[in-house]
Amino acid sequence: MLLCARVLDHNPLSSLSQDTFIGLKSLVYLSMVGTALQQLPHLGFCQHMPALDWLDLEGNQIQILNYSILKNCSNLEVLLLMDNRIRNIPENTFQSLWKLAELNLSSNRIRKLPKNTFRSLSKSLLKLNISHNPLLKIHRSHFTHLTNLQSLALEGIEIPDIQTKMFLPMKNLSHIYFKTFQYCSYAPHVRSCKPNTDGISSFEDLLANMVLRVSVWVMAFITCFGNLFVIGMRSLIRAENNLHAACIKVLCCADCLMGVYLFFIGVFDVKFRGQYNRNALLWMESVECRTIGFLAMLSSEVSVLLLTYLTLEKFLVIVFPFSNLRPGKLQTVVVLASIWLLGFIIAAVPLMNEDVFGNYYGRNGVCFPLHSDRQEKPTAKGYSTGIFLGLNLVAFLVIAFSYATMFLSIYKTGINATDLRSSLHRDVAVANRFFFIVFSDALCWIPIFLVKVLSLLEVEIPGTISSWVVIFILPINSALNPILYTLTTSFFREQVEVLLCRWQRRHILKKDRKSLTSSTIYMEAPRPPCYQPPEYLQQMSLTGADPRYA
């Protein structure tokens, strides 16, 4: 009876002699998994097994693999060497394996592969796995001749100089496995790529799931409509402080850019629906991606700087009410122009030198440089760290400290007030407003700070977290600023009521003119009730009011 298969799994075989397999000429399948095997016979492992076509040596301690070991294994079709201790593979190692269809070298200690390592396998090899090896470099020529290859696994391997040219020769490649989803864009002709999402984008779509697709449009609409509404209403309504109103309108313009950014992300998601990976590389390197990334960064930084300026202005008025530190018209114009110029410079600098910053905005499908990885150039990593953990963190701390100090100042003033009840009511209202201003800033920036710190520490961050931060968290300030700085103020609400009342009154009178037949009847017709200002506003003028609570 001929022996066709032998399974020696988990037997304590630290070494094999040249004569171990004598008489096994008909052996086709040999499995020696987890045997603690340290070395293979150097003068031909298959010398006495010429028919062997499946060899499984997984989970051993093999350190050396070369041509002399495999030279008699010409019928071998499957060679599994994963989870061993192989460090070097000479260029001619697989020269005699004319029929080899599957080769698995994953989870070894290979640091370098000669350029023509797999050249002799060009006609036969269908599956190649070199995942989880500490390879320092992947050469384009490693895969040039593997025209019949159908599956390639490169999981756990950094490819800093990855190019589309590496994978184009493999015309029959249908499955490829990378360390990160971003690498998939360099193999657009491959039908299946894993991982198939980074939490933001997927193999098929720019935005990976339906929640993101709907949310990007909702956030874009809320941000744009809210800020445009405030700009319009601030232009129609007489302001209690023209300079402050101008600052708020400029803030709304900056926040509107975030809505424009989200709108274009939604548009390009629709454009690439179902075929994103084919266009991913072109999209991330395109002028459009860089432009909307620039707009998002400009919006974010101008908004942060403006909020800091408005906070400091309010801080000086409340904490030092008798000082003359309030900016005039010229100073305000200069400050606003300087903020926009600084924001423009911050957003534009990475676009000026691609050799230094790389593709700064094209690190992901949503074109925003939040997450750092090993592929990112050191200059770009340092620059984004300086912005998010330097400038923005300092601005957030200044805002939080200033509002805390302002509230304490108002509270102390209230203790000395004669009307304790009205003072307490006013302090609670101010405290609530201040709390929500600081809370919205914290809600926006603390998650961004955490994501940035974790990415710098090379902690693996689930892609879904990055997507939530970019689509939901980042635009929070842009969406809430109109509410916090305009719609919640008592003066603005009163002015809107007056405006609506006038419009209603005009509309009713116009209606009455059409229906009345005589001027006498018209004169006797009762006027519709209109908005009456509160008693405290009737008793004092706006100019006499305490400017700290405006």
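The values are calculated or read from the model by the stated rules, or taken from the named source; none is laboratory data. These numbers were taken from a predicted model, which means no experiment stands behind them. Every residue, glycine among them, receives a Cβ derived from its backbone with ideal geometry; neighbour counts consider all protein chains shown.
Check the stretch 14-28 and report whether any residue there is under 23 Å from residue 95 (Cα atoms), aliphatic (A, V, I, L, M), under 49 Å from the mean Cα position of the chain (by Cα) and modelled with pLDDT of 85 or more.
No, the stretch 14-28 has no match at all.
Conditions: (1) under 17 Å from residue 128 (Cα atoms); (2) within 46 Å of the chain's Cα centre (by Cα); (3) buried (at least 17 other Cβ atoms within 10 Å of the Cβ); (4) not polar (S, T, N, Q). Residue 53 meets all but one. Number of the miss?
(2)
Here is a check on your reading of the model: is residue 136 buried (at least 16 other Cβ atoms within 10 Å of the Cβ) and either basic (Lys, Arg) or touching a strand residue (DSSP E or B) at 6+ places or on another chain (Cβ under 9 Å) (or both)?
Numbers: buried (at least 16 other Cβ atoms within 10 Å of the Cβ): no; either basic (Lys, Arg) or touching a strand residue (DSSP E or B) at 6+ places or on another chain (Cβ under 9 Å) (or both): yes.
When the stated conditions are applied, residue 136 does not pass them.
Go through the stretch 50-73 and report how many residues are part of a loop (DSSP other than H, G, I, E, B), modelled with pLDDT of 90 or more and within 14 Å of residue 26 (Cα to Cα).
Of the residues in that region, 4 qualify.
I'd like to check something: does the stretch 232-252 contain any residue that is touching a Phe, Trp or Tyr at 6+ places or on another chain (Cβ under 6 Å), assigned by TED's automatic domain parsing to the domain that holds residue 341 and among the β-branched types (Val, Ile, Thr)?
yes
Scan the stretch 75-83 and give yes if some residue there is over 21 Å from residue 33 (Cα atoms), of a type outside the set (Asp, Glu) and touching a Leu at 6+ places or on another chain (Cβ under 8 Å), otherwise no.
So far as the stretch 75-83 goes, no, none of its residues is over 21 Å from residue 33 (Cα atoms), of a type outside the set (Asp, Glu) and touching a Leu at 6+ places or on another chain (Cβ under 8 Å).
Only one residue in 338, 303 is among the hydroxyl-bearing types (Ser, Thr, Tyr) and surrounded by 14 or more Cβ atoms within 10 Å (Cβ to Cβ), so which one is that?
303
Can you go through 230, 260 and tell me which one is part of a helix (DSSP H, G or I) and closer than 29 Å to residue 465 by Cβ?
Working: 230 fails: closer than 29 Å to residue 465 by Cβ.
Checking each option against the conditions leaves just 260.
Collect the residues in the stretch 82-128 that are of a type outside the set (Ser, Thr, Tyr) and outside any loop (DSSP other than H, G, I, E, B), keeping them in residue-number order.
Of everything in the stretch 82-128, those that are of a type outside the set (Ser, Thr, Tyr) and outside any loop (DSSP other than H, G, I, E, B) turn out to be 88, 102, 103, 104, 112, 119, 121, 127, 128.
Could you list, ordered by first residue, the pairs with Cβ atoms under 6 Å in which the first is in the stretch 39-67 and polar (S, T, N, Q) and the second is outside any loop (DSSP other than H, G, I, E, B), at least 6 apart or interchain?
Note: pairs meeting the criteria are 39/15.
Would you please list the contacts, defined by Cβ atoms under 6 Å and residues six or more apart or on different chains, that run from a residue in the stretch 400-423 that is more than 21 Å from residue 441 (Cβ to Cβ) to a residue that is at pLDDT below 80 and aliphatic (A, V, I, L, M)?
Every condition considered, the pairs that remain are 423/417.
Condition check ((1) more than 19 Å from the chain's Cα centre (by Cα); (2) without any contact (Cβ under 8 Å) to a residue 24 or more places away in the chain; (3) surrounded by fewer than 17 Cβ atoms within 10 Å (Cβ to Cβ); (4) more than 23 Å from residue 270 (Cα to Cα)) across all residues:
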site: 170; (1), (2), (3), (4): yes, no, no, yes
site: 177; (1), (2), (3), (4): yes, no, no, yes
site: 192; (1), (2), (3), (4): yes, yes, yes, no
site: 202; (1), (2), (3), (4): no, no, no, no
site: 206; (1), (2), (3), (4): no, no, no, no
site: 211; (1), (2), (3), (4): no, yes, yes, no
site: 221; (1), (2), (3), (4): yes, no, yes, no
site: 224; (1), (2), (3), (4): yes, no, no, no
site: 235; (1), (2), (3), (4): yes, yes, yes, yes
